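This report refers to the structure that appears directly beneath it.
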C-alpha cells in the first residue's frame, strides 16, 4: 500500500515506513538512542529527498527520544544539571546547523556532506563498537577491573561545577562544546546525536554510566525540538505524515527492543549493533565508489 | 457504465461538431488529478473522434519549472557532484503518443520547431554550455526525468478504430508537480495539419495532503511547533503504554 507524502512530494510504501520506524524503535528500546543515524540514510536511499528525510527525521526523534527520556526520568537516571548545560550548547549548535544545512543545499554540496559525514561517523563508531564489545568480553573473562574514568586536562578548565548525579567535578566548557558540535551535526544529518553523544559522555567526560543515556536523551530531545522547528521554518522540509508513520512503527519497536534487551547480553547487542552500523557505512561508501547509473541528477527549485 | 459516459460525451461532441466545422474532437473522461494522501499516480483516458482520416499525435506538457542539474564526476576514487547548472523552463512532465512513429508522420523540422518528441525538447538557461556539452546535459535531464517517470520512456500508442474513433491512456507518476498540464492533439494528413485541439489537465493537492502542504508553507513556524507537539504527544502516549504493559 502506497501513501502520498505531501512535503516529500512522492509516494512511499506504508509498510516500508512502518518497518523503518519499527527498527528505529528497537534501537531506542535497546540503547536509548533515537535511531536517526539508521533511519535518515535508509529514507534517503529509498528516494525521499535528502532535505525532507533530515527534517522529518528530526521530528520523528522528538517523539522517540521523549518516550525514552520519560522512562529514565522516572527512574531518576538523569543528571538535570549536566543536561541543562548540554541543552544550551546543543540548542545554539542546532540553530547554527540548520543554517549551515541551508547553505550547503544552495551550493549543491548537501548530499555529499551528508554521505561523507555518515560514512565517517558510522565507520568510526561501527569499528569501535566491534572492538569494544570483543574487548569487554575478554576483560570479563579475565576478571579485570575497568577504571571509572581518566582525568583529562580539559576537565580542569575554569567554571568548574559539581555534577552530583554524574559523579563529576569538572568545568562546564567541555560538555558545552561537545553538545554544541553535536547540535550542529544533528541538524545537518537528521539525527539526535545520541550515538555520538553517549560514547563522548562516557569516554571524554567520564560520566557515571548510569545517568549517561537519560541525560543524553534530554539533550537529544531538546536539540530535535529546536531542529524540527528550525527546519520547518527555514527549509520547509518537515513532513508530518512521514514522521507520524515512523513514530507509529516505533511504538511496537520500542517494546520489542526492551524485550530483546532482557534476553540477550549487552556485549552481544553491542556486537550486533556494531555490525549493523558498519555494514550501513560500507553500503553508503559503495554508493560513492561504484559507477552511478545516472551521471546527472536534478532538483526542482521552488 | 464508463462506456456509457464515453458514448454520451461523444454524442455531445459530435453534436457540437455540426455547429463549428472541426476535423477533430477529443475529450477526457476526467481532467482533474487530485493528490490526496492515497495518491500513487494516475492514469487518464483520452479519447475522441476524427472527421477525416489521418495520423494523430498527442503531446502532454507539465508546468515548466526551474531546475538545478548536478553532474557527477570521478575524483580520485569517489563519484561526487562536480558541476551544477540551472536550467529554466524545463517541463516537469512530458508525454508523447502517436498513431504511427513520429518520423513517418511529419518531417523533422516540424517536430523540432514544435518540440514534439523527447529528442526535440528544448530547455532554456545555462547558456554558457554549448553544442555537444549541452546535448549531454539535456540527455542527463531527460534520463533523470524518465527514471522518476515524469517523461514517458516508451513512446505512447494511440489506437484508431475504423479511422473514426481514437483512444489513448496517459499515466502520471506520484512525483508530478501541481499545475496546469497542456494537452495538444494534432491530426495530420500527408504532412499537413488538418485538425488540432488543445485541452488542459489540472493537477492539485487535495484533502489532508493539501492541508498539510499549505500549513507547512504558509505558517511554517506554527507548523513546526505543531509537528513537535504531535511527536511529543506520541512519545508521551507510547511511554504511558509501555508503563501500563510493564505494570
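The values are calculated or read from the model by the stated rules, or taken from the named source; none is laboratory data. Quick caveat: nothing in here was measured; it's all calculated off a predicted structure. Reconstructed Cβ throughout: ideal geometry from the backbone, glycine too, with neighbour counts over all protein chains shown.
Looking only at region B:201-213, which residues are crowded, with 16+ Cβ neighbours inside 10 Å and either free of Cβ contacts under 8 Å to residues at least 60 places away in the same chain or within 15 Å of the chain's Cα centre (by Cα) (or both)?
B:201, B:203, B:205, B:212, B:213
Exactly one condition in (1) surrounded by fewer than 24 Cβ atoms within 10 Å (Cβ to Cβ); (2) over 19 Å from residue A:300 (Cβ atoms) is false for residue A:122; which is it?
(1)
Might you check whether a residue that is crowded, with 24+ Cβ neighbours inside 10 Å, farther than 30 Å from residue A:166 by Cα and within 13 Å of chain B (Cβ to nearest Cβ) occurs anywhere in region A:20-43?
The answer is yes, given that some residue of region A:20-43 is crowded, with 24+ Cβ neighbours inside 10 Å, farther than 30 Å from residue A:166 by Cα and within 13 Å of chain B (Cβ to nearest Cβ).
If a residue has to be touching a strand residue (DSSP E or B) at 6+ places or on another chain (Cβ under 9 Å), surrounded by fewer than 24 Cβ atoms within 10 Å (Cβ to Cβ) and within 13 Å of chain B (Cβ to nearest Cβ) to count, how many in region A:44-67 make the cut?
The first filter runs over region A:44-67 and keeps only residues touching a strand residue (DSSP E or B) at 6+ places or on another chain (Cβ under 9 Å), leaving A:46-49, A:52, A:56.
The next check asks that each one be surrounded by fewer than 24 Cβ atoms within 10 Å (Cβ to Cβ); those that pass are A:46-47, A:49.
Checking the rest, the ones that are also within 13 Å of chain B (Cβ to nearest Cβ) come to A:47, A:49.
Total meeting the criteria: 2.
State yes or no: is residue B:221 exposed (fewer than 14 other Cβ atoms within 10 Å of the Cβ) and facing chain A (nearest Cβ under 7 Å)?
Values: exposed (fewer than 14 other Cβ atoms within 10 Å of the Cβ): yes; facing chain A (nearest Cβ under 7 Å): yes.
Spelling it out, residue B:221 is indeed exposed (fewer than 14 other Cβ atoms within 10 Å of the Cβ) and facing chain A (nearest Cβ under 7 Å).
Determine, yes or no, whether residue B:178 is under 30 Å from residue A:230 (Cβ atoms) and either in the same structural domain as residue B:40 (by TED's automatic domain parsing) or buried (at least 21 other Cβ atoms within 10 Å of the Cβ) (or both). So that I can check it myself, show each step before the final result.
Values: under 30 Å from residue A:230 (Cβ atoms): yes; either in the same structural domain as residue B:40 (by TED's automatic domain parsing) or buried (at least 21 other Cβ atoms within 10 Å of the Cβ) (or both): yes.
Yes; evaluated as a whole, the condition is true for this residue.
Does region A:206-243 hold any residues that are at the interface with chain B (Cβ under 9 Å from one of its Cβ atoms), in contact with a strand residue (DSSP E or B) (Cβ under 6 Å, 6 or more places away or on another chain) and assigned to a helix (DSSP H, G or I), and which are they?
Listed by number, the list holds a single entry, A:241.
Going by what's in this entry, would residue B:43 be described as touching a strand residue (DSSP E or B) at 6+ places or on another chain (Cβ under 7 Å), in contact (Cβ under 8 Å) with a residue 60 or more places away in the chain, closer than 21 Å to residue B:117 by Cα and part of a strand (DSSP E or B)?
Working: touching a strand residue (DSSP E or B) at 6+ places or on another chain (Cβ under 7 Å): yes; in contact (Cβ under 8 Å) with a residue 60 or more places away in the chain: yes; closer than 21 Å to residue B:117 by Cα: yes; part of a strand (DSSP E or B): yes.
Spelling it out, residue B:43 is indeed touching a strand residue (DSSP E or B) at 6+ places or on another chain (Cβ under 7 Å), in contact (Cβ under 8 Å) with a residue 60 or more places away in the chain, closer than 21 Å to residue B:117 by Cα and part of a strand (DSSP E or B).
Given the condition under 28 Å from residue A:11 (Cβ atoms) and touching a residue at least 12 places away in the same chain (Cβ under 8 Å), answer yes or no: does some residue in region B:102-120 qualify? Break it down stepwise before answering.
Applying the first criterion (under 28 Å from residue A:11 (Cβ atoms)) to region B:102-120 yields B:118.
Now restrict to residues that are touching a residue at least 12 places away in the same chain (Cβ under 8 Å): B:118.
Yes, region B:102-120 contains at least one residue that is under 28 Å from residue A:11 (Cβ atoms) and touching a residue at least 12 places away in the same chain (Cβ under 8 Å).
If you take the residues of region B:59-108 that are modelled with pLDDT of 90 or more and not in a strand (DSSP E or B), which of them is nearest to the other protein chains (Cβ to nearest Cβ)?
Once the filter is applied, the top-ranked residue is B:92.
Sort through B:136, B:127 and tell me the only one that's within 14 Å of chain A (Cβ to nearest Cβ) and either in a strand (DSSP E or B) or surrounded by fewer than 18 Cβ atoms within 10 Å (Cβ to Cβ) (or both). Before you say what the answer is, go through the steps one by one.
On the way: B:127 fails: within 14 Å of chain A (Cβ to nearest Cβ).
After applying the criteria, what remains is B:136.
Does residue B:208 meet the test of being at pLDDT 95 or above, more than 7 Å from chain A (Cβ to nearest Cβ) and either in a loop (DSSP other than H, G, I, E, B) or closer than 28 Å to residue A:253 by Cβ (or both)?
On the way: at pLDDT 95 or above: no; more than 7 Å from chain A (Cβ to nearest Cβ): yes; either in a loop (DSSP other than H, G, I, E, B) or closer than 28 Å to residue A:253 by Cβ (or both): yes.
Taking the combined requirement at face value, the residue does not satisfy it.
Looking at this structure, is residue B:198 crowded, with 20+ Cβ neighbours inside 10 Å, in the same structural domain as residue B:82 (by TED's automatic domain parsing), out of contact with any helix residue (DSSP H, G or I) (no Cβ under 8 Å at 6 or more places or on another chain) and without any contact (Cβ under 8 Å) to a residue 24 or more places away in the chain?
Values: crowded, with 20+ Cβ neighbours inside 10 Å: no; in the same structural domain as residue B:82 (by TED's automatic domain parsing): yes; out of contact with any helix residue (DSSP H, G or I) (no Cβ under 8 Å at 6 or more places or on another chain): yes; without any contact (Cβ under 8 Å) to a residue 24 or more places away in the chain: yes.
Judged against the criteria, residue B:198 is not a match.
Looking at (1) surrounded by fewer than 13 Cβ atoms within 10 Å (Cβ to Cβ); (2) closer than 25 Å to residue A:298 by Cβ, which is the one condition that is false for residue B:191?
Just one mismatch for residue B:191, condition (2).
Looking at (1) over 18 Å from the mean Cα position of the chain (by Cα); (2) more than 11 Å from chain B (Cβ to nearest Cβ); (3) under 30 Å from residue B:148 (Cα atoms), which is the one condition that is false for residue A:280?
Single failed check for residue A:280: (1).
Under the condition of being closer than 16 Å to residue A:72 by Cα and surrounded by 20 or more Cβ atoms within 10 Å (Cβ to Cβ), which residue from region B:225-238 is farthest from the other protein chains (Cβ to nearest Cβ)?
B:238
Restricting attention to region A:126-179, and to residues there that are farther than 30 Å from residue A:271 by Cα and assigned to a loop (DSSP other than H, G, I, E, B), which single residue is modelled with the highest pLDDT?
A:172
Here's the yes/no breakdown for (1) under 23 Å from the mean Cα position of the chain (by Cα); (2) within 14 Å of chain A (Cβ to nearest Cβ):
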| position | (1), (2) |
| --- | --- |
| B:159 | yes, no |
| B:162 | no, no |
| B:169 | yes, no |
| B:172 | yes, yes |
| B:178 | yes, yes |
| B:183 | yes, no |
| B:187 | yes, no |
| B:199 | yes, no |
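Are any of the residues in region A:284-299 buried (at least 19 other Cβ atoms within 10 Å of the Cβ), more than 14 Å from every other protein chain (Cβ to nearest Cβ), touching a residue at least 24 places away in the same chain (Cβ under 8 Å) and in a helix (DSSP H, G or I)?
Among the residues of region A:284-299, not one is buried (at least 19 other Cβ atoms within 10 Å of the Cβ), more than 14 Å from every other protein chain (Cβ to nearest Cβ), touching a residue at least 24 places away in the same chain (Cβ under 8 Å) and in a helix (DSSP H, G or I), which makes the answer no.
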